[in-house]
2 protein chains.
Amino acid sequence: MSYNEVYQFSIVSALMDGVASHGVPISRILAHGDHGLGTFRYMDGEMIVLDGQCYAMKHDGSVIHIADPSAVLTPFATVTRFKPTIETRAAVKGKQDFTRLLNGLFPKARNHFLVVRIDGVFAKVVVRTAGGQIRPREGMVDVCSRQTTHNFEKVKGAVVGFRCPEYIMGVNVAGDHFHFIAEDRQRGGHILEFETDGEVNVKAAQIATFHMDLPTEDDEFNEAELKLQAQGIKQVEG
Amino acid sequence: MSYNEVYQFSIVSALMDGVASHGVPISRILAHGDHGLGTFRYMDGEMIVLDGQCYAMKHDGSVIHIADPSAVLTPFATVTRFKPTIETRAAVKGKQDFTRLLNGLFPKARNHFLVVRIDGVFAKVVVRTAGGQIRPREGMVDVCSRQTTHNFEKVKGAVVGFRCPEYIMGVNVAGDHFHFIAEDRQRGGHILEFETDGEVNVKAAQIATFHMDLPTEDDEFNEAELKLQAQGIKQVEG
């Protein structure tokens, strides 16, 4: 894969239907990209991939570095080999404000993908972490009904994320989807809201190429109905 | 690309919104596959790719071999490097009957793609050919309201097609989508119905890998709303 192409394993609708018992080794994901996000088996935690390293952000607030990516499976992940084409400094007042910033930086990306990285000090970051299924095939809406949220203040760290076009909803998450990890690699999660402490460094690129591998030899995936649950995806990934 | 991976350029929702003025050279499509289907600029005709050769099936019933694929553009095409994993002989009583046959041949493909080729003598093939936009951005439903249909009887030829999973609707066409070309390469089109004359040769493979390139530097594509029009797609591609 070249730079700035989306690679994903499985589809977000499979998580909605609770398809999370199996997956592929994270090493296989990292072979396609050094920057991205995803989840782990049984939706136990939030995945962030930063500079080619994979971290698991757990329900209790702890973060684990995945030292051996061949030994850990993921049922869903999205990555790219990130090469920023735009780099700027900006103060960001929240997710909506950042959406407007991206719209301005990429005026012709309505139907393309974007990949984003923000580095700097954040006045506030609100994250959630999914705590995992309590039974096989439990769907993501139910899993996330038990999510914990954490508020970080005055924290230095990195935001990693993607914007996906509307028509990809169900395959991936339409709109902006960001994860956060602190510089000390001790805190992080799926971003619900954030605000920067003054200006931060924003890097991004527009993407027009998409690759997807679907689960094979996976009866859960084969049997799932995978109906589009746009409202549910917005609820748990928005 | 390896064998039996889907490669597509653009998305079917773009055709629905009339995005068909530009595209990529067919040579770029053929670099990703030797077997597939699509359309041409302004939706003028039906494309079939068979054994690495591309043919344009026109509104008036004629068929043109694209001798120089670098000189002709397509706004939407889907191909694979086809390597059949199943080969069988069967008598087929119609599209629905063929759907059942495929279901039996691939019991674990509900959420995967299938690629198909049928060779033999057909008692009946009913095809339509889209005649092209009469104005820029004319949507596919309007274009197909002027489609012509042709009935071929006792004709030897080949069927080329894909089955796409439900969740891909809008990106491509969910369900079965087949084009036909006669052995004499003089007739063909988008299949509305068919019936074989006794047994024919059926080759197929299951696909779990998907690649997509989106149009770039294309204001039509960038400006299109690309809302899911599932009913419209079923109407014109069903």
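The values are calculated or read from the model by the stated rules, or taken from the named source; none is laboratory data. Not measured: the values here are computed from a predicted model. In this analysis, Cβ positions are derived from the backbone assuming ideal geometry, glycine residues included, and neighbour counts consider all displayed protein chains. Areas reflect the complete protein model, heavy atoms only, side chains present, ligands, DNA and RNA absent. Shrake-Rupley method; radii C 1.70, N 1.55, O 1.52, S 1.80 Å.
A few remarks follow.
- Among the candidates B:Pro107, B:Pro75, B:Pro69, the residue that is without any contact (Cβ under 8 Å) to a residue 60 or more places away in the chain and farther than 30 Å from B:Glu199 by Cα is uniquely B:Pro69.
- Strands (runs of 3 or more DSSP E) (entirely within the range B:128-238) containing at least 1 residues that are within 19 Å of B:Met47 (Cα to Cα): B:148-164, B:175-182, B:188-196, B:209-213
- Test result for B:Val12, of a type outside the set (Ser, Thr, Tyr), under 24 Å from B:Phe210 (Cβ atoms) and in contact (Cβ under 8 Å) with a residue 40 or more places away in the chain: yes
- Answer residue from the range B:219-238, given it is open to solvent by 20 Å² or more (accessible area, probe 1.4 Å) and modelled with pLDDT of 90 or more and is farthest from the other protein chains (Cβ to nearest Cβ) among those: B:Glu220
- Of residues in the range B:133-161 being open to solvent by less than 20 Å² (accessible area, probe 1.4 Å) and farther than 20 Å from B:Ile48 by Cβ, the one nearest to the other protein chains (Cβ to nearest Cβ): B:Gly139
- Output for the range A:162-218, where each listed residue is under 19 Å from A:Phe98 (Cβ atoms), over 14 Å from the mean Cα position of the chain (by Cα) and within 14 Å of another protein chain (Cβ to nearest Cβ): A:Pro165, A:Glu166, A:Ala205, A:Gln206, A:Ile207
- Evaluation of B:Val202 against (1) under 28 Å from A:Phe106 (Cβ atoms); (2) open to solvent by less than 10 Å² (accessible area, probe 1.4 Å) (one fails), failing number: (1)
- Residue count, the range B:128-161 (criterion: modelled with pLDDT of 95 or more and within 15 Å of the chain's Cα centre (by Cα)): 4
- Scope the range A:5-19; condition within 16 Å of the chain's Cα centre (by Cα) and more than 11 Å from chain B (Cβ to nearest Cβ); matching residues: A:Leu15
- Members of the range A:84-100 found to be under 19 Å from A:Tyr7 (Cβ atoms) and either in contact with a Ser or Thr (Cβ under 6 Å, 6 or more places away or on another chain) or open to solvent by less than 60 Å² (accessible area, probe 1.4 Å) (or both), listed by number: A:Pro84
- If you go through the range B:101-132 and pick out every residue that is open to solvent by 30 Å² or more (accessible area, probe 1.4 Å) and either more than 14 Å from every other protein chain (Cβ to nearest Cβ) or basic (Lys, Arg) (or both), you end up with 11.
Here is a yes/no grid of residues against (1) touching a strand residue (DSSP E or B) at 6+ places or on another chain (Cβ under 8 Å); (2) buried (at least 24 other Cβ atoms within 10 Å of the Cβ); (3) more than 19 Å from B:Arg185 (Cβ to Cβ):
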position	(1), (2), (3)
B:Asn4	yes, no, yes
B:Gly18	no, no, yes
B:Met47	yes, yes, no
B:Asp51	yes, no, no
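- For the range B:164-178, the count of residues that are over 13 Å from B:Val236 (Cα atoms), open to solvent by 40 Å² or more (accessible area, probe 1.4 Å) and touching a strand residue (DSSP E or B) at 6+ places or on another chain (Cβ under 6 Å) is zero.
- Qualifying residues in the range B:66-83 (those that are surrounded by fewer than 13 Cβ atoms within 10 Å (Cβ to Cβ) and aliphatic (A, V, I, L, M)) - the one nearest to B:Leu114 (Cα to Cα): B:Ala67
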